[in-house]
Amino acid sequence: MDDIEDLVKDDGEVLFPRQRYAVMPRVRKRGKDKENGMVNGEMCKTDCESYIPGTGNIWLKTWGCAHNNSDSEYMAGQLAAYGHKIVENRENADLWLLNSCTVKNPAEDHFRNEIKAGKEAGKKVVVAGCVPQGAPKTDYMAGLSMVGVQQIDRVVEVVEETLKGNSVRMLGQKKSDGKKQGGASLLLPKVRRNPLIEIISINTGCLNQCTYCKTKHARGELGSYPIEEIIARAVQSFDEGVCEVWLTSEDTGAYGIDIGVTLPQLLWQLVEVIPEGCRLRLGMTNPPYILQHLEEMAKILNHERVYAFLHVPVQTGSDGVLAEMKREYTVAEFKRVVDFLKEKVPGITIATDIICGYPTETEEDFQDTIDLCSYYKFPSLFINQFFPRPGTPAAKLTRIPAKEV
């Protein structure tokens, strides 16, 4: 997918009226010398010149999944509503807002390089997304302002303080009665990457403990949004001219387990508000949770306003490797999901993921994966090599030589 700056123009329409935020965060100066008013060797902007709130040029770059892209849309919407301008050219920006992904090493490498480029260009830099949330003390982000994955509703405060020369970190989790929530409100202002598509994050985090996954360190345990809030966002989106709603999360199949509802309950209510000519597309679900709702899911996927599409990652065709990964299902259970949906939903597209070269994978395991893919001939197949993400159990294992992978 393109970056948000490719679609958000300087004169892009803002969905909500301009608003001001009264709450001020705690901030700390970046190495400020109180005697001479210096910050990192330069004169402090707040001490030495006037700054007018809501007048910055912001360049926003996003890496990663649909959930990250939705977060960026919300951040762009709030900044634009406050008065800031979202610009296409990073050279014209006063501040770079970088929304990161921690799934694979290359994504974090690009993120790190962008931070370095921003500093060298003399830009203010704010980092967001899963990398700073999961590892905020990483050296290359030292001194930078941060926006946590559940704190995107505070992005205006963070950007404002950073433009003044301050360093602000908003990394806390949102809770209600001691229980994790989905995150920032779904009704925040938004600048959509594609004006015809609304991406709705129905929950954040997951219930699994996959040994290779760094995202869990950032997104944490499952936190679902209430059905009524998701429905309200969908209705509003259709009223604004959207013709597709995409549901996303780290695991849509797990939706509602933490709040006592189910994914089919949400979907049946959603299809009631989809106008004629519009469509709903479901996001990724892991096999253990979709198994519980196969009958209902087949009926929903047959609905005329729902795409006959489902992304169900298998990762490997070997039960032994699945157990090492702590994926909590077997190949037979994955096949049961695929076979049932292919039988009950004519023409359905099943997408899946494969991790190649997990440290314990053998030639026999690899052949099992090849046999599985050959049997189903998945029309959409995402293949990635194993990356040892810092802090995960799998990172401690001996890697298979890259040439062999």
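The values are calculated or read from the model by the stated rules, or taken from the named source; none is laboratory data. Since the structure is predicted, the reported quantities are computational estimates derived from the model, not experimental observations. Methodologically, a virtual Cβ is constructed for each residue, glycine included, from the backbone with ideal geometry; neighbour enumeration extends over all protein chains shown. With ligands, DNA and RNA removed, areas are computed over all heavy atoms of the protein, side chains included. Shrake-Rupley method; radii C 1.70, N 1.55, O 1.52, S 1.80 Å.
Summary table
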{"read-out": "Probe 1.4 Å, protein heavy atoms only - accessible area per residue of segment 91-184 in square angstrom", "value": "37 Å²"}
{"read-out": "Percentage relative contact order, segment 233-337, counting C-alpha pairs under 8 Å, at least six apart", "value": "26 percent"}
{"read-out": "Sparsely packed GluC sites (Glu not before Pro) within segment 284-364, loop by DSSP, other Cβ within 10 Å at most 11", "value": "Glu304"}
{"read-out": "Sum of side-chain charges, Glu343 neighbourhood, beta-carbon under 14 Å (Lys, Arg +1; Asp, Glu -1)", "value": "+3"}
{"read-out": "More than 41 angstrom apart: percent of Cα pairs within the chain", "value": "18 percent"}
{"read-out": "Potential extension, Glu91-Ile52 segment - 0.36 nm per residue separation minus Cα distance", "value": "12.0 nm"}
{"read-out": "Nitroxide proxy distance, nm - points 7 Å out along Cα→Cβ at Lys123 and Ser176", "value": "3.7 nm"}
{"read-out": "Paramagnetic reach from Glu240 in segment 79-112 [backbone N under 14 Å; point 7 Å along Cα→Cβ]", "value": "79-82"}
{"read-out": "Within the chain: Cβ-based charge dipole about Cα centre, in debye rounded to nearest 20 (Lys, Arg +1; Asp, Glu -1)", "value": "1280 debye"}
{"read-out": "Relative contact order for the chain, counting Cα pairs under 8 Å that sit 6 or more residues apart, in percent", "value": "13 percent"}
{"read-out": "Extension gain, Lys335 back to Gln385 (0.36 nm per residue minus Cα-Cα distance, nm)", "value": "15.7 nm"}
{"read-out": "Kyte-Doolittle mean at least -0.5, axial Cα span of 15 Å or more - DSSP H helices of the chain", "value": "227-239, 331-344"}
{"read-out": "At most 14 other Cβ within 10 Å, DSSP loop - trypsin sites (Lys or Arg not before Pro), segment 107-198", "value": "Lys137"}
